[in-house]
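The block underneath contains the structure these notes are about, expressed in structure tokens.
The values are calculated or read from the model by the stated rules, or taken from the named source; none is laboratory data. All values derive from a computational prediction rather than experimental measurement. Cβ placement follows ideal geometry from the backbone for every residue including glycine, while neighbour counts extend to all protein chains displayed. Accessible surface areas use protein heavy atoms only, side chains included; no ligands, DNA or RNA. Shrake-Rupley method; radii C 1.70, N 1.55, O 1.52, S 1.80 Å.
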Amino acid sequence: MKKILIIEDDKNIASLERDYLEVNGYEVSVESNGNTGLKSALKNEFNLVILDIMLPGIDGFEICKTIRKEKDIPILLVSAKKEDIDKIRGLGLGADDYIVKPFSPSELVARVNAHISRFERLTANNSEDSSKSDIIETGGLVIDIKARRVFVDNNEISLANKEFDLLVFLASNPNIVYSKDTLFDKIWGFDSFGETSTVTVHINRIREKIEKDMSNPSYIETVWGAGYRFKG
């Protein structure tokens with residue numbers, strides 16, 4: 001049985017989320033405080049975390065950042081804030097999705113199903129595809145696929161879950177132009193639930209970490225009107 005952690009201080013919302021997830025076969029734990037929620041997320045093994053932003057104690061952004069440093073599991077941020085800056089910040093810190101309240105419980109379940117399925121497929125592909133090189137190296141960039149580590153000029157950098165998956169996909173398929181729609185479908189796998197602007201946010205975050213000159217990128221190139229291409 002897949003295990004879900006909900007960190008939510010609104011008891012009514014947490015109860016609704018838990019009920020719908022349990023009906024769909026998940027084992028659910030709930031924490032109403034940021035401090036206890038973070039401890040539970042780090043101490044226990046969960047398949048996915050549903051994380052509110054506004055929490056007593058540590059806020060959701062800080063929890064997301066800390067979890068992502070320690071664990072590679074899907075994180076869904078939930079918030080009443082609709083501003084793009086909050087969504088961009090959350091995705092930049094390593095969240096896999098951002099859901100704005102109020103939302104349909106059935107939509108939440110669908111997103112949870114999709115994220116867990118996608119994560120399991122990516123994990124299986126990384127471990128089973130023996131024909132794929134474990135190391136991608138070009139210029140000063142080195143990607144260790146199995147270890148999920150990235151180095152630029154021998155300095156290790158930290159990438160969020162989806163940032164790493166997106167970089168690996170592009171680097172594994174150099175000199176091919178992929179549209180934002182295609183990249184969203186390949187990495188997130190459920191385009192009916194998301195926005196292609198998510199791809200732009202992640203590309204920009206990757207560039208900030210691996211490129212020396214954002215205005216003249218050495219690795220990920222923008223092909224205007226078409227998408228993105230990894231320079232091989």
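Things worth noting here:
- Long pairs among Lys3/Lys146; Lys3/Lys65; Lys81/Lys231, criterion Cα-Cα beyond 30 Å: Lys81/Lys231
- Computed from Cα atoms, the angle from the helix 197-210 axis to the main principal axis of the chain rounds to 60 degrees.
- Stokes-Einstein translational diffusion, the stretch 1-41 - Kirkwood Rh over all Cα pairs, 1.306 mPa s, 10 °C, in µm²/s: 155 µm²/s
- Relative to the longest principal axis of the Cα atoms of the chain, the long axis of helix 11-23 lies at roughly 70 degrees.
- The stretch 96-103 - phi-based ³J(HN,Hα) in whole Hz, Karplus 6.51/-1.76/1.60, Gly and Pro as x: 8, 7, 9, 10, 9, 6, x, 9
- Candidates Ser32, Ser179, Ser215, ranked by Gaussian network fluctuation over the chain, Cα under 10 Å, top entry: Ser215
- Between Phe230 and Asn175, Ile176, Glu221, the built amide H atoms are under 5 Å apart, and every one of these is 5 or more places off in sequence or on another chain.
- Over the chain, DSSP H runs of length four or greater, each weighted -39,500 (n - 2.57), average out per residue to a 222 nm ellipticity of -13500 deg cm²/dmol.
- Calculated diffusion of the chain, Stokes-Einstein form, Kirkwood radius summed over Cα pairs, 10 °C and 1.306 mPa s, µm²/s: 86 µm²/s
- Karplus-derived 3J(HN,Hα) values for the stretch 104-110, using 6.51 cos²θ - 1.76 cosθ + 1.60 with θ = phi - 60°, are 6, x, 5, 5, 4, 4, 4 Hz; glycine and proline are entered as x.
- DSSP finds beta bridges in the chain, and of those with both partners inside it, around 50 percent are antiparallel.
- The magnitude of the dipole of the chain, with charges of +1 and -1 set on the Cβ of Lys/Arg and Asp/Glu and taken from the Cα centre, is near 260 debye.
- Protein heavy-atom surface of the stretch 22-171, 1.4 angstrom probe: 47% of the accessible area is carbon and sulfur, with nucleic acids and ligands not counted.
- Cross-link reach is defined here as a Cα-Cα straight distance under 16 Å, omitting same-chain residues fewer than 8 places apart; for Lys180 the lysines meeting it are Lys162.
- Candidates per chymotrypsin sites (Phe, Trp or Tyr not before Pro) in the stretch 50-105, loop by DSSP, up to 14 other Cβ within 10 Å: Phe103
- Once the 1.4 Å probe is applied to the protein heavy atoms, the stretch 60-188 comes out at 46 Å² accessible per residue.
- Rounded to 10°, Cα long-axis angle of helix 60-70 versus longest principal axis of the chain: 60 degrees
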